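Asks: Pasting in a structure now, in structure tokens, and then I'll have a few things to ask.
The values are calculated or read from the model by the stated rules, or taken from the named source; none is laboratory data. Computed from a prediction, not measured in an experiment: that's the story for all the values here. For neighbour counting, all protein chains shown are included, and Cβ atoms are generated from backbone atoms with ideal geometry for every residue, glycine included. Heads up: the accessible areas ignore ligands, DNA and RNA and are worked out on the full protein's heavy atoms, side chains in. Shrake-Rupley method; radii C 1.70, N 1.55, O 1.52, S 1.80 Å.
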Amino acid sequence: MTRPPVGAASWQRPLLSVVLIALAWHLREAIILFFGAVLVAATLHALADPLVRRGLLGPRAALATVVAAVISGLAIGLWLLGDPLAQQLQALRVELPKAWTALHEWLQRTQVGVRVLAAMGDLGDLQVPWARIANVAGSTLRVLGEVVLMLLIGLYLASDTRLYREALLRLVPAQRRPAAADAIDVTGEALKRWLLGQAVAM
């Protein structure tokens, strides 16, 4: 009596897991961006829900009110901090070359410092490494662009949560949709409470 052939599922499941892990690693930046957008949407809903529950505004109007309040608060904060920040940046531009020169001279006095300068490739160069600063600035602008994109996606998610919730449930087999819907609701509520706790801690 011969043994039955080993089912395909015995090797397909580990292979599928490896493929999913590799795909998640390859798309890690997009996944982090989407998770941040979900946090933004949950925050906006947590702020708008009290207005809706008390009957003061409808869901769309409450969301628009919250977004307007957040934008106004950020604008006021930037306006209050803008002038001092500009002065500090100007002072930094003046003092940074002096500080770099002083650091360079200090490192040249010791053997360890000379090795550090040699490793940096800046031995004998008293100039501020503006190219490296420009690279840092470029990376900062890229991060800011991703933050803006995350905020926009979060705003879209918050504007019509029911639509995206139903679209997500359509990816789940029909017999498991009720359980998936309950899991989404519980997760959303837990996420709102976590955000509230973080706000209180801050």
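Asks: Enumerate the pairs (first residue in the stretch 39-64 and on the phi < 0 side of the Ramachandran plot; second residue anywhere and surrounded by fewer than 20 Cβ atoms within 10 Å (Cβ to Cβ) and of a type in the set (Lys, Arg)) with beta-carbon separation below 6 Å, excluding pairs fewer than 6 apart on the same chain, so at least 6 apart or on different chains.
Replies: From residues that are on the phi < 0 side of the Ramachandran plot, the pairs are Ala42/Lys192; Ala46/Lys192.
Asks: A further question follows. Just checking, which of Leu92, Leu85, Leu80 is at pLDDT below 80, open to solvent by 70 Å² or more (accessible area, probe 1.4 Å), part of a helix (DSSP H, G or I) and closer than 26 Å to Leu195 by Cβ?
Replies: Within the list Leu92, Leu85, Leu80, the selection yields Leu80.
Asks: Report yes if Leu39 is hydrophobic (A, V, I, L, M, F, W, C), at pLDDT below 80 and surrounded by 10 or more Cβ atoms within 10 Å (Cβ to Cβ), otherwise no.
Replies: In short, no.
Asks: Follow-up question, since we're still on this one. Of the numbered conditions (1) modelled with pLDDT under 80; (2) open to solvent by 50 Å² or more (accessible area, probe 1.4 Å); (3) touching a helix residue (DSSP H, G or I) at 6+ places or on another chain (Cβ under 9 Å); (4) among the hydrophobic types (A, V, I, L, M, F, W, C), Met1 satisfies every one except a single condition; which is it?
Replies: (3)
Asks: Could I ask something else about it? Has the stretch 173-190 got any residue that is outside any helix (DSSP H, G or I), more than 17 Å from Leu33 (Cα to Cα) and out of contact with any Asp or Glu (no Cβ under 6 Å at 6 or more places or on another chain)? I'd like the intermediate steps shown before the answer.
Replies: Step one: of the stretch 173-190, the residues outside any helix (DSSP H, G or I) are 173.
Subset that is more than 17 Å from Leu33 (Cα to Cα): 173.
Within this subset, residues satisfying the condition of being out of contact with any Asp or Glu (no Cβ under 6 Å at 6 or more places or on another chain) are 173.
Yes, because at least one residue in the stretch 173-190 is outside any helix (DSSP H, G or I), more than 17 Å from Leu33 (Cα to Cα) and out of contact with any Asp or Glu (no Cβ under 6 Å at 6 or more places or on another chain).
Asks: Right, another one. I'm trying to understand the selection: among the residues of the stretch 167-185, which are under 21 Å from Asp49 (Cα atoms) and exposed (fewer than 12 other Cβ atoms within 10 Å of the Cβ)? Step through it out loud before you land on a result.
Replies: Narrowing the stretch 167-185 to residues under 21 Å from Asp49 (Cα atoms): 181-185.
Across the stretch 167-185, the qualifying residues are Asp182, Asp185.
Asks: Can you run down the residue pairs with Cβ atoms below 7 Å, 6 or more apart or on separate chains, where the first is in the stretch 88-103 and at negative phi and the partner is open to solvent by less than 60 Å² (accessible area, probe 1.4 Å) and outside any helix (DSSP H, G or I)?
Replies: From residues that are at negative phi, the pairs are Leu96/Val128; Pro97/Val128; Trp100/Val128.
Asks: Any idea which of Gly188, Gly197 is touching a residue at least 40 places away in the same chain (Cβ under 8 Å), open to solvent by less than 90 Å² (accessible area, probe 1.4 Å) and among the small types (Gly, Ala, Ser)?
Replies: Within the list Gly188, Gly197, the selection yields Gly188.
Asks: Now a separate question. In the stretch 59-78, how many are under 22 Å from the mean Cα position of the chain (by Cα) and β-branched (Val, Ile, Thr)?
Replies: Residues meeting the conditions: 4.
Asks: Counting only residues that are at pLDDT 80 or above and touching a helix residue (DSSP H, G or I) at 6+ places or on another chain (Cβ under 9 Å), how many does the stretch 6-28 have?
Replies: The total comes to 0.
Asks: Looking at Leu141, is it at pLDDT 75 or above, in a helix (DSSP H, G or I), open to solvent by 90 Å² or more (accessible area, probe 1.4 Å) and not hydroxyl-bearing (Ser, Thr, Tyr)?
Replies: For Leu141, the condition - at pLDDT 75 or above, in a helix (DSSP H, G or I), open to solvent by 90 Å² or more (accessible area, probe 1.4 Å) and not hydroxyl-bearing (Ser, Thr, Tyr) - is met.
Asks: Can I ask one more? Among the residues of the stretch 45-62, is any in contact with a Ser or Thr (Cβ under 8 Å, 6 or more places away or on another chain) and open to solvent by 100 Å² or more (accessible area, probe 1.4 Å)?
Replies: yes
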